[in-house]
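Q: Take a look at this one; I'll ask things after.
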Amino acid sequence: MTEEILIAGFGGQGILSMGKIMAYSGLMQDMEVSWMPSYGPEMRGGTANVTVIISSERISSPIIKSFDTVILLNQQSMDKFESSVKPGGILIYDNNGITRHPERKDITIYRVDAVEEASKMKSPKTFNMIVLGGFLKVKPVIRLENVVKGLKKSLPERHHNLIPMNEKALERGMEIIFKVR
Amino acid sequence: MMERELRLMKGNEAVAEAAIRAGADGYFGYPITPQSEILEYLMEANPYKTTGMVVLQAESEVAAINMVYGGAACGKKVMTSSSSPGISLKQEGISYIAGAELPCLIVNVVRAGPGLGTIQPSQCDYFQAVKGGGHGDYHLIVLAPASVQEMADFVELGFDLAFKYRNPVMILSDGAIGQMMEKVYLKPKKNRSTVIYDWATTGKPASRERNIITSLDLDPYAQEIHNQNLQAKYREVEKNEVRLEEFQTDDADYLLVAYGTSARVSQKAVQLARAEGIKVGLLRPITLYPFPSGRLKELSRQLKGILSVEMSAGQMVEDVLLSVSGKVPVSHFGRMGGVIPTPEEVVDSLKLKIIGG
């Protein structure tokens, strides 16, 4: 099993940490993982993206151009990366700020309106966990218990009180994600 | 023995943690993207409190390498790290250290040049790393990690080689390996060494003359003998220290040669090409100096062509060409400017330049 994922959105949205939690979760499940961020000028404001690979085998290239799952969280990312989903792959996006919805017919498209939901839950920072929950619903490559373990590993001890809130966000993401087509 | 510890780390962080665990005595650095996490991690870990390892942010790259020169002269396990423009600044000091035959570890997390270039990953410093770098006839021993695990492992290996040959060792990495996170197994912490070396400036017993560390000899005949001794040492290194990894070379008609990030991309390219029925393998030099010329020459007898894959305009390809002495066609494929080639591009280039050529 190999799952190649790209997550892209605004810098500061928690894109890189979401990828990090995915990677830690894969680690907790005895998988091979790699996490490759965009560390360039993007990170200094603007769009950020990260490639996460979770695999039962040794990972060859951590740098790839087409992905099993692409998670897009702003319009710039949609414009840049819609074409990066492998044929038959999955695109997940948040409706917030999207002016041009995905158009490809050869992939499965899901929507998770996490920005809206996080604001309803009065915890905007759990936005990325709602998205992650949605991803795990449609691609259960990691068990939820291992994601919680991953969270514990990647969050500093002083933030461990936030774990229940993040768990709730993960579950909420699983509930609200829906298939567009 | 204590069990190895499993962590998820960036390549840069792995270098820093491995340095503490390898019992390093000192790190002297100056920040530059994409390797600043090495200095940042060490500052935060503050190993002076636990192992006594000194971590210091120098006022410049030039100061940092000269602190390394001083520490190494005292027989201490010392290191520095930087990225391409910063490594250029250090070259004077590196040449002096090589000339004075002192051990040290230098990490170059390469970004694209020339000049300030960009902060994205590149392998454009190959020539600088393996052909000397500074002035004078000398070699560094150059290790090329292709994973976060090797970033950690090569710190201890680098120090061991540096002390074995009293020669500076360079870990030639790149921005991708430095920035990416992977699983890494860390070795248990070693104590700092208490050995006092008979060549070092510290620890002089009454029974011997004081040691003078210098790279200067105004007598040309004496200097030539020193040069000959250095060359003899390099021949020893070439004989003993070649390291490489092969992937699907047994039945290969074609061979990719690639190191570091390019090797990871090329390994995937081998899988893609094999799925199309092309019998291709990968040779990954782990030591860039000494270069695995012997094995390449051996393999060339079964090969129809070799493609050297580098994130540069083609530097290692010259060593590949020298290794096979024209017995088999050799070509280069690379991206520059901080662009990482995709496995698909490598396969296309193999078809275009080698198989179809």
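The values are calculated or read from the model by the stated rules, or taken from the named source; none is laboratory data. Remember, predicted model here, so these are calculated numbers, not experimental data. Positions of Cβ are backbone-derived with ideal geometry, glycine not excepted, and every protein chain shown enters the neighbour counts.
Q: Within the stretch A:76-90, does at least one residue satisfy the condition of being in contact with a helix residue (DSSP H, G or I) (Cβ under 6 Å, 6 or more places away or on another chain), touching a residue at least 60 places away in the same chain (Cβ under 8 Å) and more than 10 Å from chain B (Cβ to nearest Cβ)?
A: no
Q: Moving to a separate point now. Being surrounded by fewer than 24 Cβ atoms within 10 Å (Cβ to Cβ) and among the hydrophobic types (A, V, I, L, M, F, W, C) is the filter; apply it to the stretch B:160-195 and report the residue that is nearest to the chain's Cα centre (by Cα).
A: Top of the filtered list is B:161.
Table: residues versus (1) in contact (Cβ under 8 Å) with a residue 60 or more places away in the chain; (2) assigned by TED's automatic domain parsing to the domain that holds residue B:159.
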{"position": "B:185", "(1), (2)": "yes, yes"}
{"position": "B:231", "(1), (2)": "yes, yes"}
{"position": "B:235", "(1), (2)": "no, yes"}
{"position": "B:251", "(1), (2)": "no, no"}
{"position": "B:260", "(1), (2)": "yes, no"}
{"position": "B:263", "(1), (2)": "yes, no"}
{"position": "B:266", "(1), (2)": "yes, no"}
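Q: Also: Out of A:70, A:33, report the one residue that is more than 10 Å from chain B (Cβ to nearest Cβ) and either part of a loop (DSSP other than H, G, I, E, B) or within 20 Å of residue A:1 (Cβ to Cβ) (or both).
A: The match here is A:70.
Q: Got a number for residues in the stretch B:326-336 being in a loop (DSSP other than H, G, I, E, B) and either buried (at least 19 other Cβ atoms within 10 Å of the Cβ) or at pLDDT below 95 (or both)?
A: Within the stretch B:326-336, residues that are in a loop (DSSP other than H, G, I, E, B) and either buried (at least 19 other Cβ atoms within 10 Å of the Cβ) or at pLDDT below 95 (or both) number 4.
Q: Restrict the check to the stretch A:107-114 and report whether at least one residue is β-branched (Val, Ile, Thr), assigned to a loop (DSSP other than H, G, I, E, B) and within 23 Å of residue A:27 (Cα to Cα).
A: no
Q: Can you name every residue in the stretch B:210-224 that is more than 25 Å from residue B:68 (Cβ to Cβ) and either among the acidic types (Asp, Glu) or surrounded by 11 or more Cβ atoms within 10 Å (Cβ to Cβ) (or both)?
A: B:219, B:224
Q: As an exercise: evaluate residue A:25 against (1) within 11 Å of chain B (Cβ to nearest Cβ); (2) among the polar types (S, T, N, Q); (3) within 23 Å of residue B:260 (Cβ to Cβ) and give the number of the one condition it does not meet.
A: With respect to (1) within 11 Å of chain B (Cβ to nearest Cβ); (2) among the polar types (S, T, N, Q); (3) within 23 Å of residue B:260 (Cβ to Cβ), residue A:25 is out only on (3).
Q: Scanning for something over 23 Å from the mean Cα position of the chain (by Cα) and under 18 Å from residue B:243 (Cα atoms), does the stretch B:302-309 turn up at least one residue?
A: Checked the stretch B:302-309: no residue is over 23 Å from the mean Cα position of the chain (by Cα) and under 18 Å from residue B:243 (Cα atoms).
Here is a yes/no grid of residues against (1) of a type in the set (Gly, Ala, Ser); (2) out of contact with any strand residue (DSSP E or B) (no Cβ under 9 Å at 6 or more places or on another chain); (3) within 14 Å of chain A (Cβ to nearest Cβ):
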position	(1), (2), (3)
B:64	yes, no, no
B:68	no, no, no
B:83	yes, no, yes
B:95	yes, yes, no
B:142	no, no, no
B:157	no, no, no
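Q: Okay, moving on. Give the residue, chosen from B:333, B:247, that is free of Cβ contacts under 8 Å to residues at least 60 places away in the same chain, farther than 27 Å from residue B:132 by Cβ and not basic (Lys, Arg).
A: B:247
Q: Let me ask something else about it. How many of the residues in the stretch B:1-58 are assigned to a loop (DSSP other than H, G, I, E, B) and among the charged types (D, E, K, R)?
A: Count: 3.
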